[in-house]
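Chemist: Sending over a structure as structure tokens; questions will come in a sec.
Here, each number is a calculation from the coordinates, and none is a lab measurement. In this text, all values refer to a predicted model and were calculated from it rather than measured experimentally. Note that each Cβ is placed from the backbone with ideal geometry, even for glycine, and that neighbours are counted across all protein chains shown.
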């Protein structure tokens, strides 16, 4: 019919959110406005992926977004920009560590609201939208008898879809490389990260994050260029390297942890290095560069006595 007498076409869609181990749906309503005549389905503002050509730039950008999320979902980086809603707006300019699982377990209200599992649903309506119009011959008109309620049909389809369980996906770290293209294009662009300076959890835009280099000569050179006695430098290297070998050995210190009665498990199994001297001799620089020199490289997490 003429466009002025036609309602908007509502599509109830979803994309993935991630809580560290499980993808859950983020529902979104999109609208296609009425138009006159006919259009190719690909000319609409929204259309099924099955009609999208492989060289479509939009499809490629969604695939690239998914690949980027896979790379940035865990690790150390630098963030500069606003955080992401539904968190209250805040400008973040610091080193962060991306960790969905720990962020989810931290019980930060705004992050819990983001990753909380919600069932997919359609709004309930009493209005029955019918195909065509009733005529004077009802209830014996064959055309009128095949009319059905669109809203009831949508509810039935939504119910059938929920039963399949396809709106939730559990994935292990090893499973990320094998994600299908249909899953990739639905991955989010929001990360959960911890500010190493502010000591707060944030929802972050992955396009404003620059991951730190964990390998390469630049990280090694920062320690090599540190101006301290060579004997002290070798001692620091040996302490950090030996601690890394001990903690990463098969089995680690699991037996020791099981026998502990201390509230803080693993306390006393770290390495404490006391650096002293007047301001400007390189205490902070030594801590920063030895963290970068370690293998794998680790971010420096600074705390004070009050922490």
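Chemist: Separation between the residue 43 and residue 68 pseudo-spin-labels, each 7 Å from Cα along Cα→Cβ, expressed in nm?
Modeler: 3.1
Chemist: Report the Cα centroid-to-centroid distance between segment 268-289 and segment 9-51 in angstrom, as an integer.
Modeler: Answer, in whole Å: 54.
Chemist: Rank-order 276-283, 95-102, 185-192 by packing density, defined as the average count of other C-beta atoms within 10 Å over each peptide's residues, highest first.
Modeler: 185-192, 95-102, 276-283
Chemist: How would 272, 227 line up from fewest to most surrounding beta-carbon atoms within 10 angstrom?
Modeler: Final ranking by Cβ density, sparse to dense: 272, 227.
Chemist: Ranked highest first by the average count of other Cβ atoms within 10 Å around their residues, in what order do 60-72, 228-240 fall?
Modeler: By packing density, highest mean first, the sequence is 60-72, 228-240.
Chemist: With a point put 7 Å past each Cα toward its Cβ, work out how far residue 59 is from residue 212 in nm, to one decimal.
Modeler: Going by the 7 Å Cα→Cβ label model, 4.0 nm.
Chemist: Taking 45 Å as R0, compute the FRET efficiency from the Cβ-Cβ separation of residue 241 and residue 107 and round it to 0.05.
Modeler: Step by step, r from the Cβ atoms, then E = 0.80.
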